[in-house]
Amino acid sequence: MGPALATGVAYIDPGNVATNLTGGARFGYALIWVIVFANIGAWLVQYLSAKLAIASGKSMAELLGSAIKKRWLRLLYWLQAEAMILATELAEIVGGAIALHLLFGLNPIFGAVIVGAAAFLILSLARQEKVGIFIAVVVGLMAVTIIGFVSSLFTSQIDAAALALGLVPQISERDELFLALGILGATIMPHAIYVHSALTAERFGKAKDDEKRRLLKWTRLDVSVAMGIAGIANIGILLVGAVTVAGDVEEVTIDSAVAHISEFHGQIFGTMFAIGLLASSLASSAVGGYAGASVMSGLTNLKVSARVRRLISIVPSVLILALVPDSTAVLVISQIALAFGLPLALGPLVWLTGQSKLMGKYVNRLRTKLLAGLLLAILVGLNAWSLLPIA
């Protein structure tokens, strides 16, 4: 166990905080069903990602690099994957900068540099001989993240009937649809597909055939634990928005939400939320850097370390923090962009895991193919719907 838990921090990163907190503050309990659906979909996607690496011994990026024969098409695919990873890294660094501003009053631009440097140090553990330590550090940060995010709920009263009603699929206006897309993009996430297969291939890529079935069994448990934790945390964040922020904050931002929590629920809870945001930023930023390095290596054969990529990704984050006043809106928009890029990562995953020549006896069964195809169709359908007017 471990790769899914480490990847799972991507499901509670600053992008999740922005979309879930905004969704709860603006629409109450109405979008809880989106989180539940996203977690079920993410379970299937992450299991298939790990299954691909265990069965083939290679990461998804490596396999696509070999499967896409035309160089221009491979580079085109790489560019869109890089764009999605950049959107993810942007959210992670901006979120960390917000957290440092809340905790210490630091200038957000300076905070972005600090977060990037800290992630740089964590990424130094992502070498093959230390990948277990890297996973342990990320999982530890994940624990801090969850405690920080849900702590204020202990002083809040939750409407059980409204919560149950929120499990019923419902979208009544365009803004609600876009936030639903943001939650989906923030939860399933294209880069999480790449990073999970890369981490699994790093740890178990050389497993013998008689070990693979046992590894798949433990992978199902690993993914179940990771998604269970992420689901609880994301619902908790939405409830913080619905219960402690909704109706009391004129403009919903992470800063205003934390200030409101501190004023009406106690400074300790506001501080813990900010600490959770910082921990999620550091952990997910390290995972994002790892994903970018593995995708570049697999699709272009260029060897650029995850740490160098992290340094490069700081630049656009600093520029946006300097030019855009509403950092929370930047986070939400970046997650909506991920929803549009998600089918381009999920489609190849479904195709690769359905290839008997590649997967052998671990090829997807018909039921799995149908479920994965249905998830892909729903995501494409929601993206298309968002481009049409809602009556």
Positions within segment 63-85 being outside any helix (DSSP H, G or I) and either closer than 22 Å to ALA337 by Cβ or in contact with a helix residue (DSSP H, G or I) (Cβ under 8 Å, 6 or more places away or on another chain) (or both), in sequence order: ILE68
Residues satisfying the stated conditions in segment 259-277, i.e. open to solvent by less than 10 Å² (accessible area, probe 1.4 Å) and among the aliphatic types (A, V, I, L, M): ILE261, ALA274, LEU277
Helices (runs of 4 or more DSSP H) contained in segment 86-169 and holding at least 1 residues modelled with pLDDT under 75 and open to solvent by 10 Å² or more (accessible area, probe 1.4 Å): 108-123, 131-150
Whichever residue in segment 352-391 is in a helix (DSSP H, G or I) and among the charged types (D, E, K, R) and, among such residues, is most open to solvent (accessible area, probe 1.4 Å): LYS357
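Each row is one residue, and each column tells you yes or no for (1) of a type outside the set (Lys, Arg); (2) part of a helix (DSSP H, G or I); (3) without any contact (Cβ under 8 Å) to a residue 24 or more places away in the chain; (4) open to solvent by 40 Å² or more (accessible area, probe 1.4 Å).
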residue: VAL223; (1), (2), (3), (4): yes, yes, no, no
residue: ILE229; (1), (2), (3), (4): yes, yes, no, yes
residue: ASN234; (1), (2), (3), (4): yes, yes, no, no
residue: ILE237; (1), (2), (3), (4): yes, yes, no, no
residue: VAL240; (1), (2), (3), (4): yes, yes, no, no
residue: GLU251; (1), (2), (3), (4): yes, no, yes, yes
residue: ALA257; (1), (2), (3), (4): yes, yes, no, no
Conditions (1) assigned to a loop (DSSP other than H, G, I, E, B); (2) open to solvent by less than 10 Å² (accessible area, probe 1.4 Å): number failed by LYS206: (2)
Segment 45-62, residues that are outside any helix (DSSP H, G or I) and under 27 Å from VAL332 (Cα atoms): none
Selection from segment 170-188 of residues that are at pLDDT 85 or above and not in a helix (DSSP H, G or I): GLN170, ILE171, GLU173
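The values are calculated or read from the model by the stated rules, or taken from the named source; none is laboratory data. Since the structure is predicted, the reported quantities are computational estimates derived from the model, not experimental observations. Glycine gets a Cβ as well: all are built from the backbone with ideal geometry, and neighbour counts include every protein chain shown. Ligands, DNA and RNA are stripped out before the accessible areas are found, and what is left, the full protein with its side chains, is counted by its heavy atoms. Shrake-Rupley method; radii C 1.70, N 1.55, O 1.52, S 1.80 Å.
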